[in-house]
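K.L.:
I'd like to ask you about the structure that follows.
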Amino acid sequence: MNEVGVSTQKRVTVLVPSMLRGDCDGASRIDLDVDQPATLGDLLAALANRHPRLERRVRDEQGGLRRYVNVYVDGEESRRRDGLATPLRDGSEVHIVPSVAGG
């Protein structure tokens with residue numbers, strides 16, 4: 001909270017697909033508080049503190065999004081917006097969608 005009692009954090013929900021739930025104690029959704037102004041990169045850093053195995057499945061060694069993982073912020077694919085700099089609002093929903101290959 002700031003000096004006048006207004007929260008300086010945003011609550012963001014991460015929706016986790018079933019194939020990644022083993023990396024976050026079985027959670028299908030994770031609610032995180034992130035400081036304002038918040039970006040997707042800030043959210044993933046907060047996620048790394050709470051669920052490092054899940055974060056490693058989403059981000060590569062350089063901190064970028066893995067090629068085979070799509071991340072949607074409020075229904076829009078983050079790469080078509082500002083990537084890790086995509087802004088988040090209070091109440092944003094972030095969907096993690098790993099690519100599925102097969103034949």
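Bear in mind these aren't lab numbers, they're just calculated from the coordinates by the rules spelled out. Quick caveat: nothing in here was measured; it's all calculated off a predicted structure. All Cβ positions, glycine included, derive from the backbone under ideal geometry; neighbour counts span all protein chains shown.
K.L.:
Between Asp74 and Asp35, what's the calculated FRET efficiency when r is the beta-carbon distance and R0 is 25 Å? Round to 0.05.
P.N.:
Working: r = 19 Å, r/R0 = 0.75.
Once the sixth-power term is evaluated, E becomes 0.85.
K.L.:
Let me ask something else. Using the Karplus curve 6.51 cos²θ - 1.76 cosθ + 1.60 with θ = phi - 60°, what ³J(HN,Hα) values do you get for each residue of the stretch 66-78, in whole Hz, with x for Gly and Pro?
P.N.:
5, 4, 8, 10, 9, 10, 9, 10, 6, x, 10, 5, 4
K.L.:
Still on this structure, I have one more. Please arrange His95, His51 by counting, for each residue, the other beta carbons lying within 10 Å of its beta carbon, fewest first. Could the numbers behind the result be given before it?
P.N.:
Working: His95 17, His51 21.
Least to most surrounded, the residues fall as His95, His51.
K.L.:
Counting Lys and Arg as +1 and Asp and Glu as -1, what is the net charge of the other residues whose Cβ lies under 12 Å from the Cβ of Arg66?
P.N.:
On the way: positive: Arg56, Arg57, Arg59, Arg67, Arg79; negative: Glu55, Asp60, Glu61.
Every neighbour counted, the sum reads +2.
K.L.:
For every helix of n ≥ 4 consecutive DSSP H residues, a contribution of -39,500 (n - 2.57) applies; sum these over the chain, divide by its total residues, and give [θ] at 222 nm rounded to the nearest 500 deg cm²/dmol.
P.N.:
Numbers: 2 runs with 18 residues, N = 103.
Theoretical 222 nm ellipticity from helices: -5000 deg cm²/dmol.
K.L.:
Nearest 10 degrees, 0 to 90: what angle lies between the long axis of helix 40-50 and the longest principal axis of the chain (Cα atoms)?
P.N.:
Helix 40-50 sits roughly 80 degrees off the main axis of the chain.
K.L.:
While we're here: Within a 10 angstrom radius of the beta carbon, how do Ser78, Ser18 rank from fewest other beta carbons to most? Spell out each step's value before the answer.
P.N.:
On the way: Ser78 21, Ser18 8.
Placing the least packed residue first, the sequence is Ser18, Ser78.
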